[in-house]
Amino acid sequence: MKIGIVCYPTFGGSGVVATELGLELSKRGHEVHFITYNQPVRLELISNNVHYHEVNVPEYPLFHYQPYELALSSKLVDMVKLYKIDILHVHYAIPHAYAAYMAKKMLREEGIFVPIVTTLHGTDITLVGNHPFYKPAVTFSINKSDAVTAVSESLKNDTLRLFDIKRHISVVPNFIDLEKYGDHFTDCQRSMMAKPEERIITHISNLRPVKRVQDVISVFYNIQKEIPAKLMLVGEGPEREKVEQRCNELGIYDKVAFLGKSNEIDKILCYSDLFLLPSEAESFGLAALEAMSSSVPVISSNAGGISEVNKQGVTGFLSDVGDVDDMTKNALYILKDEKRLETFKANARAEAIKFDLHAIVPQYEAIYEDTLTKCLVL
Ligand code: GMT
């Protein structure tokens, strides 16, 4: 199949999932075309089967806002025609599903038919899409897609609750390349980051308010009062300055490493003992799955779809949003006992195996085939 993938190319989870999906589809013999405004961050390899087409939005002084969705829909029309793309898979409803629908309509005028698969990732539904400004466009785009998927049962239910949806929504969970996050490192170089007796706690996110990074700091502050520990904070975002300031005020700045945006998540997780994800909202929690794949137990909130990934008392623990005392108690329960920590680590890895990309990517292939067949019949 020739598959066009539209996504946000940045460090966000939806872009990561879309990129890893495209790369795996290409390995499975499909021709994949990424169509977006920058080369996706995890798209390191462009091969015969993987193409990247940049969407340019020409600056024009008359426009107060440069019209990205217009540029994207025009680019989609051109790319579908040039490469004879069979199907478009758009990740994140706004504005991708909307732009794809416009492209589909333009192509129809020329006798070309291209179906659209839309994958909902979370913030496009729960935070942004639900805003009254966007709601009609998001509802329309979902209902006009030829197939719709959501990354968790929780997100599917939220979508059905918040929007007037006439389409069936299939749940296809996020997935992980277990070879990448395995035990392939002979030496994690842990000694570069912490002393042998220190536990390493890690948080990875785009440091937006929804991630509740201040809770990460509170939990870590409580942990290091009881046992020697270091905190790895990975990612960049609007909360960073405030978080640095708080670490200073609490006198723990020297115990916190701000590692910024990183393409070496696997290496960081390799030497981590515990992962913190206290988010306010999370449709799935790809970062938690990445941690678990590296045998790192997770202390998280119970928001959204996290419980579909992090299993209470097995791979870690879940608490109510903001309950930093419960999170601290659970973290110390795991960290204080070497044998218990080893059990949680093994459980985390075992649970992550259920999300192996070899099991999940065929589900997307089946949806593409089914959509193409159904649309050709119509
Ligand atoms: O959570 C983010 O900061 C980024 C956001 C995105 O759209 O890139 O992540 C969402 O999609 C991920 C991949 O499907 C999910 O793992 C995240 O849980 C989801 N984030 C939220 O729902 C807040």
| request: Please enumerate the residues belonging to region 166-188 that are open to solvent by less than 30 Å² (accessible area, probe 1.4 Å) and in contact with a strand residue (DSSP E or B) (Cβ under 9 Å, 6 or more places away or on another chain). | output: Ile169, Val172, Phe175, Ile176, Leu178
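Report whether or not Thr328 is open to solvent by 10 Å² or more (accessible area, probe 1.4 Å), away from the ligand (no atom under 13 Å from the Cβ) and in contact with a helix residue (DSSP H, G or I) (Cβ under 6 Å, 6 or more places away or on another chain). It would help to see each step written out before you state the result.
Numbers: open to solvent by 10 Å² or more (accessible area, probe 1.4 Å): yes; away from the ligand (no atom under 13 Å from the Cβ): yes; in contact with a helix residue (DSSP H, G or I) (Cβ under 6 Å, 6 or more places away or on another chain): yes.
It is true that Thr328 is open to solvent by 10 Å² or more (accessible area, probe 1.4 Å), away from the ligand (no atom under 13 Å from the Cβ) and in contact with a helix residue (DSSP H, G or I) (Cβ under 6 Å, 6 or more places away or on another chain).
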| request: Could you check how many residues of region 293-308 are touching a residue at least 60 places away in the same chain (Cβ under 8 Å) and either touching a Gly at 6+ places or on another chain (Cβ under 6 Å) or within 8 Å of the ligand (Cβ to nearest atom) (or both)? | output: 3
| Does Phe133 fit the bill of being out of contact with any His (no Cβ under 6 Å at 6 or more places or on another chain), more than 16 Å from the ligand (Cβ to nearest atom) and closer than 26 Å to Arg208 by Cβ? | yes
| note | Matching residues in region 281-292 (near the ligand (Cβ under 8 Å from one of its atoms) and either part of a strand (DSSP E or B) or open to solvent by 10 Å² or more (accessible area, probe 1.4 Å) (or both)) number 5
| task | Say whether the condition of being touching a residue at least 40 places away in the same chain (Cβ under 8 Å), in the same structural domain as Ser152 (by TED's automatic domain parsing) and open to solvent by 50 Å² or more (accessible area, probe 1.4 Å) is met by at least one residue in region 59-72. | result | no
| said: If I filter region 32-58 down to residues being open to solvent by 40 Å² or more (accessible area, probe 1.4 Å) and aromatic (Phe, Trp, Tyr), which single residue comes out as modelled with the lowest pLDDT? | reply: Tyr37
| query | In this structure, is Gly29 at pLDDT 90 or above and surrounded by 20 or more Cβ atoms within 10 Å (Cβ to Cβ)? | reply | no
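Which ones in region 125-157 are of a type outside the set (S, T, N, Q) and touching a residue at least 60 places away in the same chain (Cβ under 8 Å)? Give the derivation first.
Looking only at region 125-157, we keep the residues that are of a type outside the set (S, T, N, Q), and these are 125, 127-129, 131-138, 140, 142, 144, 146-148, 150-151, 153, 155-156.
The answer is Ile125, Leu127, Asp146, Ala147, Ala150, Val151, Glu153, Leu155.
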| Which listed residue is more than 16 Å from Asn174 (Cα to Cα), open to solvent by less than 30 Å² (accessible area, probe 1.4 Å), modelled with pLDDT of 95 or more and in contact with a Pro (Cβ under 6 Å, 6 or more places away or on another chain), from Ile116, Ile87 | Ile87
| So which pairs qualify, if the first residue must be in region 161-176 and farther than 20 Å from Thr371 by Cβ, the second must be in a strand (DSSP E or B), the Cβ gap must be under 7 Å, and the two must be at least 6 apart or on different chains? | Ile176/Asp356
| Lys135 charged (D, E, K, R), more than 30 Å from Glu365 (Cβ to Cβ) and crowded, with 20+ Cβ neighbours inside 10 Å | no
| task | Given the conditions (1) farther than 26 Å from Ile360 by Cβ; (2) modelled with pLDDT of 95 or more, report the number of the one that Lys156 does not fulfil. | result | (1)
| said: Could you go through region 224-236 and let me know if any residue there is away from the ligand (no atom under 16 Å from the Cβ), surrounded by fewer than 15 Cβ atoms within 10 Å (Cβ to Cβ) and closer than 19 Å to Glu280 by Cβ. | reply: no
| How many of the residues making up region 304-325 are open to solvent by 10 Å² or more (accessible area, probe 1.4 Å) and either modelled with pLDDT under 95 or in a loop (DSSP other than H, G, I, E, B) (or both)? | 8
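Restrict the check to region 268-276 and report whether at least one residue is of a type in the set (A, V, I, L, M, F, W, C) and part of a loop (DSSP other than H, G, I, E, B). Give the derivation first.
Quick first cut of region 268-276, residues of a type in the set (A, V, I, L, M, F, W, C) only: 268-270, 274-276.
Keeping just the survivors that are part of a loop (DSSP other than H, G, I, E, B) gives none.
No, every residue in region 268-276 fails to be of a type in the set (A, V, I, L, M, F, W, C) and part of a loop (DSSP other than H, G, I, E, B).
Go through region 1-110 and tell me which helices (runs of 4 or more DSSP H), entirely inside it, have 1 or more residues that are touching a helix residue (DSSP H, G or I) at 6+ places or on another chain (Cβ under 6 Å) and within 15 Å of the ligand (Cβ to nearest atom). Explain how you work it out, then say what you get.
Numbers: elements: 13-27, 68-83, 98-109.
Counting at least 1 such residues, we get 13-27.
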| message | Looking at the structure I just gave you, is Ala352 within 16 Å of the ligand (Cβ to nearest atom), crowded, with 19+ Cβ neighbours inside 10 Å, part of a helix (DSSP H, G or I) and not charged (D, E, K, R)? | response | yes
| query | With Asp320, Asp370 as the choices, which residue is over 24 Å from the mean Cα position of the chain (by Cα) and in contact (Cβ under 8 Å) with a residue 12 or more places away in the chain? | reply | Asp370
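Based on this model, can you work out whether Ser301 counts as assigned by TED's automatic domain parsing to the domain that holds His203 and at pLDDT below 95? Give the steps one after another, and end with the answer.
Values: assigned by TED's automatic domain parsing to the domain that holds His203: yes; at pLDDT below 95: no.
No: the conditions fail for Ser301.
The values are calculated or read from the model by the stated rules, or taken from the named source; none is laboratory data. These numbers were taken from a predicted model, which means no experiment stands behind them. Heads up, the Cβs are rebuilt from the backbone with ideal geometry, glycines too, and the neighbour counts pull from every protein chain shown. These accessible areas exclude ligands, DNA and RNA; they are computed on the full protein's heavy atoms, side chains included. Shrake-Rupley method; radii C 1.70, N 1.55, O 1.52, S 1.80 Å.
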